C-alpha cells in the first residue's frame, strides 16, 4: 500500500524536474522578429542624428556587454559608450542603411540578428567616409525590453594595391 503513494510522489517529482519547453510557434517567432525589425528601424534615426545616447539605449547597460567592433574588443557598456561618443564627436552627419535582417529566434527571450550595412559619415570639415560591413548581435529580452548583449562587426579587408601583391 505504501508503494502507490511513493510511486505517485516519485512521478510528480520527476515531472517537476523536467526542463520547461521553450518551443515557439512560427507566429511567436514572427512576433519577436517584427519587434526586432522595429528596433533596427528606430536605431537608424539615432545613428543618422548622431544621437549617441539614443543609439546606446539599444544595448544592455552592463559590464557584461561584449562588443567586437571598429577593430577593437570592448568588454563593457561603459567602454563601448566612451568609444561611440569619441568616434561620433567630430562628425557632422551619419547615414546608415541596414540590409536585410536575418533574425534567428532561439528562445522566447533570445534572438540573433545578422545584417549587412552601409554607413556614410561626414565630419565637420565636410570629408565623407563611406564603409560597409556585417553586423551580428545577440539580443536578450528582460522585463519587456530587448537589448543587445553581444555584438560582432566585420568590415571588408582593405584592398591591396598592386605593389602589395
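The values are calculated or read from the model by the stated rules, or taken from the named source; none is laboratory data. All of these numbers come straight from a predicted model, not from anything done at the bench. Note that we place each Cβ from the backbone using ideal geometry, even for glycine, and neighbour counts take in every protein chain shown.
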Task: Residue among 42, 95 that alone is touching a helix residue (DSSP H, G or I) at 6+ places or on another chain (Cβ under 9 Å) and closer than 18 Å to residue 155 by Cα - done: 95
Open item on the list: For segment 124-162, give me each residue that is at pLDDT 95 or above, over 30 Å from residue 23 (Cβ atoms) and either within 8 Å of the chain's Cα centre (by Cα) or surrounded by 13 or more Cβ atoms within 10 Å (Cβ to Cβ) (or both).
Closed with: none
Open item on the list: Looking at residue 71 and the list (1) on the phi > 0 side of the Ramachandran plot; (2) under 16 Å from the mean Cα position of the chain (by Cα), which single condition is not satisfied?
Closed with: (2)
TODO: Scan the strands (runs of 3 or more DSSP E) fully inside segment 48-165 and keep the ones with 1 or more residues being within 20 Å of residue 35 (Cβ to Cβ) and free of Cβ contacts under 8 Å to residues at least 60 places away in the same chain.
DONE: 91-98, 102-107, 110-123, 128-142, 145-154
Task: Identity of the residue in segment 1-47, under 30 Å from residue 112 (Cα atoms) and not in a helix (DSSP H, G or I), that ends up modelled with the lowest pLDDT - done: 18
- [ ] Consider residue 86 carefully, then state whether it is surrounded by 15 or more Cβ atoms within 10 Å (Cβ to Cβ) and either within 22 Å of residue 154 (Cα to Cα) or modelled with pLDDT of 95 or more (or both).
- [x] no
